[in-house]
Amino acid sequence: MAIKPWEFVADMNSDGVFTMSDIVEILIQLFFLPGDSLLFLILNYLPKVTELLEFSYDDYHGMFAGIVSFIVWVFLIPIIVNVIKLFKP
């Protein structure tokens with residue numbers, strides 16, 4: 001089984017200092033999280049699908065993961081906004 005491609009740490013770019021570029025890297029990781037998670041599941045548990053679609057571990061943060069992530073976030077963001085509105089007085 002492969003290691004998941006994401007790891008959330010404060011210093012994402014490993015330059016020894018937490019800066020704005022680290023925040024950008026964290027946001028990129030969060031955006032790709034749904035697509036990379038699905039890709040992880042396909043790569044590790046559906047070898048025939050992996051072979052058919054020619055997926056590899058190089059496809060993390062790629063076109064497939066980006067499209068899946070975009071679709072998930074388009075549906076998830078309105079849900080999050082409505083849940084937040086429920087808790088506002």
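The values are calculated or read from the model by the stated rules, or taken from the named source; none is laboratory data. Bear in mind the structure is a predicted one, so any value in this text is a computation, not a measurement. Heads up, the Cβs are rebuilt from the backbone with ideal geometry, glycines too, and the neighbour counts pull from every protein chain shown.
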Revision key, fill the gap. Picked from segment 15-56 (must be of a type in the set (Phe, Trp, Tyr) and at pLDDT 90 or above), the residue nearest to Val74 (Cα to Cα) is Phe31
Point to revise | Residues (among the small types (Gly, Ala, Ser) and either in a helix (DSSP H, G or I) or exposed (fewer than 11 other Cβ atoms within 10 Å of the Cβ) (or both)) located in segment 57-89 | key: Ala65, Gly66, Ser69
Exercise for review: Scan (1) at positive phi; (2) more than 10 Å from the chain's Cα centre (by Cα) for the single condition His61 breaks and write down its number.
Suggested key: (2)
Study note, to complete from the structure: Cβ pairs under 8 Å, 6+ apart or interchain, first in segment 37-51 and surrounded by 13 or more Cβ atoms within 10 Å (Cβ to Cβ), second of a type outside the set (A, V, I, L, M) and assigned to a helix (DSSP H, G or I), ordered by first then second residue, are Leu39/Asp59; Leu39/Phe64; Ile42/Thr50; Leu43/Thr50; Leu43/Tyr57
